[in-house]
Amino acid sequence: MQENYDFKISEQKIQQFWEKNKIYKFDPKSKKPIFSIDTPPPTVSGKMHLGHAFSYAQQDFIVRYYRMQQKNIFYPFGTDDNGLATERLIENLKNVKASQMDRQDFINLCLKTLENVRPKYIEDWKRIGTSCDFSIYYTTIDKHCQKISQKSFIDLYKINREYRKNAPAMWCPECQTGISQQECKDKEIASYFNDIVFKVDNEDLIISTTRPELLPACVAIFYHPSDDRYKKYNGKKAKVPLFNLYVPIMPDTRADPNKGTGIVMCCTFGDQTDMEWQRAYNLPIRNAITKDGKMTSLTGKYEGMSIKQARKEIIEDLKNENLLISQKPITHIVNVHERCGTEIEFVESKQWFIKYLDLKKDMLKWGKKLNWNPKHMFSRYEHWVNGLQWDWLISRQRFFGIPFPVWYCSKCEYIILADEKDLPIDPIKDKPKIKKCPKCGNSEFIPEKDVLDTWTTSSLTPQIAASLFPNLYKKLYPMNLRPQAHDIITFWLFTTVVKSQLHNKINPWQDVMISGFVLDPERKKMSKSKGNVIEPQDITNEYGSDALRFWAAGSKLGEDLPYQEKDLVSGKKMIIKLWNASKFSISHLQDYKGNKPKLEILDLWMLTKLSKLIKNSTNSFNNYDFFKPKTETENFFWHIFCDNYLEIVKDRFYNPNNYNKNAKLSAQYTIYTTLLNILKLVAPIMPFITEEIYQDYFVKYEKQKSIHISEWPNLKIENKKAEKIGDLFIEILTKVRQFKTQKQKSLKEEVILTLDKKQMQILKPVLQDLKAATKAKEIKIGNFNIELCL
RNA sequence: GGGCUCGUGGUCUAGUGGCUAUGACAACACCCUUACACGGUGUAGGUCGCAGGUUCGACUCCUGCCGGGCCCACCA
């Protein structure tokens, strides 16, 4: 073995070794039981971030454990690269704007750019030792995924789980595009609360609003049912100022008596509550704003004005007619488009939905059946389901995504679905098979231009991955495990369960493991805007991938972990210690042939402790706990094996004549067994250094060509008598060390040790070891005592 | 505003209804012991977020509050 371990050289070398020897290759022909993992496909974004490194490392601990448990591991890798995130990446990289390009040109640019970006991105995952079979690969925009996603759409339509209807959708008037909740952000904006006079039977009713331009879209007025000030208006109609409109006044608990004047106008569609009211009371719809942010014809003289202009004009007109009581400046938080900062509007358009609101009870049942790790993560799922208010909106007014396999009759809007065997299709490019509309005979068809929401595709990852092996589909799906972080329980996890149940009436996996988040040293979220982002690439360069993984194993599953650079140090030290201890051990195993002699007492003690460690670690891993075995193994290796056992046993190598003739061989057997098993226990956490040591020595004597496909330790040695002797031995040894330290002497210093009768009786069989370990010149019987030699 | 979760020596972290509360890093002292000074042996450092309650007894259970994280909702 080399003098020093250089992770920069070794980690790269080992990674190549794994790839060349296909260590992580899924074997479709194997008879071993399959363990399948629904790997999260990361969104292609250029670079892996630290949160990725953290959670993928944690998954990998578990996967590596099961691989050593001799499971046939199905661990695919995918990338998520359609939808808004990808559009944005391409727009940034190529400095273009999707909305200002030809649609097909933009799509082509995305596809081409992704081809260039992906390989380097995936490298980051390989670099941290993710043991996926990277040859089982999909991207959520590839033909395979498109086909499955479109088929899913068609199947759900056929079982009456999908419908298309007019619905308000969030819209950015600036970018002229529909947007999703994830694309919104909160922005504090200075505005005015305008107290405006409505008339009820010539009486003034003062209503506060920040959006006077929506007066022409006013359809109702609400007050809180317990609000005595306004009860008298119940059932009456109010006249909307400036516009010759009469709207009903009604009680509803969603009106807040403490806000403004406590009475509120409901418009089409000012905000979320307006939409709820519209649905609840079946109110008319009066659209005041067009998709490009202009006032509609409904607004009379304001038609064609921008929202801001109309607001200004209407305020002026209200003033002129003495209908504006006051303007109070306020700052409030509004939803704006993350990208351009424009305030979001709700605009009506035709949207596709998956009908699932009727399934809440079932959803809870499905969720309960999963084996959640940690358990409490289920409550997030539970609360999400209980709070569901809408069906699943699946259409997106976007460019780069999976197209709906749908055309409409230009006359009667009859829905024409693509043929399953033609999938994937693009309705814009492809034509429907039928020539005439079956309903009205028209022969002109319009393609659906919207694309499917990305979650409708990523909610199919188990099926997508499993169907890469059609012959094994039934063995691969449902899968054993879904690993992911807790932020997308309500998206990815939930939608995957829903789809799997809708299609196959079965849960997509048995187990889920949920990772926590990485925070900055102040426990704050890492974000580019705060400038507190730590790049995993810098960590692997500075400390190595094993140290990064060791750090990721340093908190319980599901817990958030504040990043501290110093936490990488212990991983680095662990690597060095493993190397040095192995180097030392192996140097004394050169003449060892693998025989198992009759074992010495202290060796039985060592192996008894090791057996316990193995048992505990195995139990922990079976329960998705990598933290405990990592900590216990580290402690065992460092203190019990290195500081105590190796120190004790040294003398048998240096002075073999002082011991019986088997003593050295017994130590060799014990060192071989203990070190190998420690390496195996550490292997899931630190795959590189353990492989390097395995390759340097053990591979010659062990069956498997890589430690990562070797068998998980299974040692059952329990010798209570040896354990008792060994424990007392360590107790005495510790006392001697304390004594020497207090006397400011070297640990090499010779002493005279006096044991009491009972101690002597117990330690008699290991007296020579004790003499050597304590550097006792002499061991006597008497009152326990340690003294320096004079 | 709601849900879940976390808050333990300077820093990170383990932990249990009841022995002197775990380990790591940092600090300090001593030791160059033929694997490792990126080491070894020790020492010091905590009213276990705050305020109540349950209990013979709580860091551990309950309630409220404060602070962090994630998700959701609100934003007239």
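Length gained on full extension, A:V569 to A:T741, computed as 0.36 nm times the residue gap minus the Cα-Cα distance: 59.2 nm. Amide H contacts of A:T139: A:T79, each under 5 Å away and 5 or more positions distant or on a separate chain (H built 1.01 Å from N in the peptide plane; Pro and chain starts excluded). The stretch between A:D271 and A:K705, if pulled fully straight at 0.36 nm per residue, gains 149.9 nm over its current Cα-Cα span. With equal scatterers on the alpha carbons only and no solvent term, can you work out the Debye log10 of I(q)/I(0) for chain A at 0.09, 0.10 1/Å? With no solvent term, the Cα-only Debye profile gives -0.95, -1.08. May I ask for log10 I(q)/I(0) of the range A:155-245 at q = 0.17, 0.22, 0.25 Å⁻¹, from a Debye sum over the Cα atoms as equal point scatterers with solvent left out? With no solvent term, the Cα-only Debye profile gives -0.95, -1.16, -1.31.
Sites listed here are GluC sites (Glu not before Pro) in the range A:628-682 whose DSSP assignment is loop and whose Cβ has at most 15 other Cβ atoms within 10 Å, and the list is empty.
Just how much of A:R286 is accessible, in Å², when a 1.4 Å probe is used and the result is rounded to the nearest 10? We get 60 Å² for A:R286. For the peptides A:555-565, A:586-596, A:257-267, the ranking by mean Cβ contacts within 10 Å, running from highest to lowest, is A:257-267, A:555-565, A:586-596.
Here A:D27 and A:K143 are evaluated by their C-beta separation; at R0 = 35 Å the FRET efficiency comes out at 0.85.
Order A:D105, A:D252 by their accessible area, 1.4 angstrom probe, all chains in place, largest first.
A:D105, A:D252
With the radius of gyration and the Kirkwood radius both derived from the Cα set of the range A:291-387, what is their ratio Rg to Rh? Can you show the working numbers first?
Details: Rg = 23.0 Å, Rh = 18.8 Å.
Reported Rg/Rh, Kirkwood definition of Rh: 1.22.
Spin-label pair A:D201-A:H376: with each label point 7 Å from Cα along the Cα-Cβ axis, the two points sit 5.7 nm from one another.
Would you mind telling me the antiparallel percentage of the DSSP bridges in chain A, rounded to 5?
Taking every DSSP beta bridge within chain A, about 70 percent pair in antiparallel fashion.
Spin-label pair A:K593-A:K120: with each label point 7 Å from Cα along the Cα-Cβ axis, the two points sit 5.7 nm from one another.
Pairs to check: A:K165/A:K436; A:K365/A:K474; A:K573/A:K596; A:K360/A:K439. Give those whose C-alpha atoms are more than 26 Å from each other in this structure.
Check vs 26 Å cut-off fails for A:K573/A:K596; A:K360/A:K439.
Express in Å², to the nearest 10, the accessible area of A:M170 obtained by rolling a 1.4 Å probe over the protein heavy atoms while all chains stay in place. A:M170 exposes around 30 Å² with every protein chain in place.
With only Cα atoms counted, the range A:362-499 has Rg and Dmax values of 18.9, 58 Å.
How much length would be gained if the chain were fully extended between A:R254 and A:N657, taking 0.36 nm per residue of separation minus their Cα-Cα distance, in nm to one decimal?
Numbers: separation 403, 0.36 × 403 = 145.08 nm, distance 9.04 nm.
My answer for the length gained is 136.0 nm.
Can you give me the accessible area per residue for chain A, using a 1.4 Å probe, in Å²? Spelled out: the 1.4 Å probe surface of chain A, per residue, equals 46 Å².
The largest accessible area among A:K368, A:K151, A:K524 belongs to the first residue in A:K368, A:K524, A:K151, and the rest follow in falling order (1.4 Å probe, all chains). Helix A:601-622 and the longest principal axis of the Cα set of chain A meet at an angle near 10°.
Within 10 Å, count the other beta carbons around each residue, average over each peptide in A:34-42, A:11-19, and list them highest first. Spell out each step's value before the answer.
Values: A:34-42: 23.3, A:11-19: 16.8.
Highest mean packing first, the order is A:34-42, A:11-19.
Suppose R0 equals 30 Å; then what is the FRET efficiency for A:C789 and A:K758 from their Cβ-Cβ distance, rounded to the nearest 0.05? Result of the calculation: an efficiency of 0.75. Annotation: amide H of A:T43 within the under-5 Å range of A:D80, sequence separation 5 or more or interchain, hydrogens built in the peptide plane. Between 0 and 90 degrees, rounded to the nearest ten: what's the tilt of helix A:720-742 against the longest Cα principal axis of chain A? Helix A:720-742 sits at roughly 90 degrees to that axis. When only alpha carbons are used to place a centre, the range A:393-429 and the range A:74-114 end up 20 Å from one another.
Extending 7 Å from the Cα toward the beta-carbon at both A:I189 and A:K716 defines two label points whose distance is 7.0 nm. Computed from the alpha carbon atoms alone, the convex hull of the range A:670-772 holds 158 Å³ per residue.
Run the helix sum for chain A: -39,500 (n - 2.57) per DSSP H stretch of 4+ residues, divided by residue count, reported at 222 nm to the nearest 500 deg cm²/dmol. Intermediate values should be presented prior to the final figure.
Values: 24 runs with 300 residues, N = 790.
The helix-only estimate for chain A comes to -12000 deg cm²/dmol at 222 nm.
The range A:716-763: which trypsin sites (Lys or Arg not before Pro) are DSSP loop and have at most 14 other beta-carbon atoms within 10 angstrom? Here the sparse-neighbourhood loop sites are A:K716, A:K743, A:K745, A:K748. Restricting the calculation to Cα atoms, every distinct pair contributes to the Kirkwood radius of the range A:1-67, found to be 15.0 Å.
Can you tell me which of A:435-448, A:496-509 comes out highest on packing, and rank the rest after it, using the mean Cβ neighbours within 10 Å?
Top to bottom by mean Cβ count within 10 Å: A:496-509, A:435-448.
Axis angle, to the nearest 10 degrees, between helix A:143-158 and the longest C-alpha principal axis of chain A: 50 degrees. Computing FRET efficiency as 1/(1 + (r/R0)^6) for A:Q70 and A:Q12, where r is the C-beta to C-beta distance and R0 is 25 Å, gives about 0.35. Computed over the range A:24-157, the alpha-carbon pair-distance distribution with 10 angstrom bins reads 11, 35, 31, 18, 5, 0, each value a whole percent.
The values are calculated or read from the model by the stated rules, or taken from the named source; none is laboratory data. Owing to the predicted nature of the structure, the values given are computational and were not obtained by experimental measurement. Every residue, glycine as well, gets a Cβ built from its backbone with ideal geometry; the counts of neighbours run over all protein chains shown. Just the protein is used for accessible areas: all its heavy atoms, side chains included, with ligands, DNA and RNA removed. Shrake-Rupley method; radii C 1.70, N 1.55, O 1.52, S 1.80 Å.
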